[in-house]
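Worksheet for the structure shown next.
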């Protein structure tokens, strides 16, 4: 008999899968990313906060240092062709898995920017030669290289050549030069890629996704990963010995077999309130967000392609928050959508304290009227 979950139970399970259920959890950066696979990192500060809210053992300064100089985590274009933090070991097989599809998907944009296939290959070869000759290069230096060779470089042209070089030729971000990111070669910095057969790699990716986002559906995985839904649906039946079907208010979802015992532990789980930063991965793993955000307040969280910083109570988004700099520290302002009980005050205080620890700055907070 299929287990039927309420929306509330589903949110609690997803909160646990996302490492948000235990405010005292302490993990290294590598351990955390191994558990949730990747953290979106278009904005590195927000990405670091996504990791900090999931582990008491991390600080922003530590993560910034590890991204640049450690050999365990890396910053790169990843899921859906967007920037993420992930482990180096996962990048070794994930990059070869997705490279061909993402390079192909970007061909039209390159042509719009003035690059024929031949010119794009020439540009990538120039970038590789430049890095091999002179070491890490900034985006400005690569743009200058393209300009000197009479290739398109203005606007988004340099970015899309870099994108092609990352996926096709093994380029990756290096250490910052001042405040500017640089680019180097993955194999030079981390060692060799380790391609796997496509079916094996996709199966691994599905299982890793469910580890971090259960309960979820094939279409959720497709949205999260960027893999075509037709390929995902053909893959799903082959995983039936490792996953279990459950229903969320009648709709089929899946969990890993090893997670099913979590359902019996839901009643003993204390209330968990978390301050999730911009573009937190919690909202990026599903095709639909009705289970997570109250419909009446969706526009206050999703703003023209931006996912605002959110207050989550047991996985249900109940408000937004922001930090403002001031002399001597930061002001944390929390805005609930609706009136909330005073018993949440200690939970907010604990989150403010954790944020202060993570940022290594004094944080004071206030709760505004709904």
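Remark: the Cα gyration tensor places segment 69-155 in the oblate category, a/c being 1.5 or greater and a/b not exceeding b/c. Taking Cα atoms only, the orientation of helix 7-17 departs from the longest principal axis of the chain by about 50 degrees.
For the chain, the longest principal axis of the Cα atoms and the long axis of helix 345-359 meet at an angle of about 20 degrees. Reported to the nearest whole Å, the Cα centre-to-centre distance from segment 296-370 to segment 222-245 is 35.
Roughly what angle does helix 139-148 make with the longest principal axis of the chain, taking Cα atoms, 0 to 90 degrees, to the nearest 10? So the inclination is approximately 30 degrees.
Summed over qualifying helices (DSSP H, 4 residues or more, each -39500 (n - 2.57)) and divided by its residue number, the chain shows a 222 nm mean residue ellipticity of -13000 deg cm²/dmol.
Label positions at residue 316 and residue 176, each projected 7 Å from the Cα along the C-beta direction, are separated by 3.9 nm.
Note: relative contact order over segment 273-368, using C-alpha pairs below 8 Å and six or more positions apart, is 26 percent. Mean-square fluctuations from a GNM of the chain, with a 10 angstrom spring cutoff on Cα atoms, peak among 143, 192, 157 at 192.
Would you work out if segment 1-48 is rounded, prolate or oblate? Take a ≥ b ≥ c from the square roots of the eigenvalues of the alpha-carbon gyration tensor; rounded if a/c is under 1.5, else prolate when a/b is larger than b/c, oblate otherwise. Since a/c reaches 1.5 and a/b is larger than b/c, the shape of segment 1-48 is classed as prolate.
The stretch between residue 269 and residue 139 holds 42.0 nm of extra length on full extension. This uses 0.36 nm per residue minus the Cα-Cα distance. Size descriptors for the chain: radius of gyration and Dmax over Cα atoms are 21.7, 67 Å. When Rg and Dmax are taken over the Cα atoms of segment 273-368, they come to 13.4, 41 Å. Taken along the Cα-to-beta-carbon direction at a fixed 7 Å, the label points for residue 200 and residue 71 span 2.4 nm. Which of rounded, prolate or oblate describes segment 171-261 when judged by the alpha-carbon gyration tensor and an a/c cut-off of 1.5? Here segment 171-261 falls in the prolate category. Between residue 299 and residue 364, the simple spin-label model (points 7 angstrom out along Cα→Cβ) gives 3.4 nm. Comparing mean-square fluctuations of 131, 317, 36 from a GNM of the chain with C-alpha springs under 10 Å, the top value falls on 131. A Gaussian network model of the chain, with springs between Cα atoms under 10 Å, assigns the largest mean-square fluctuation among 306, 334, 39 to 306. Gain on full extension, evaluated as 0.36 nm per residue between residue 108 and residue 188 minus their Cα-Cα distance, stands at 25.8 nm.
Only the coordinates and a few stated rules stand behind these numbers; no lab work does. What you see is a predicted model, and the numbers here were worked out from it, not measured in a lab. Every residue, glycine among them, receives a Cβ derived from its backbone with ideal geometry; neighbour counts consider all protein chains shown.
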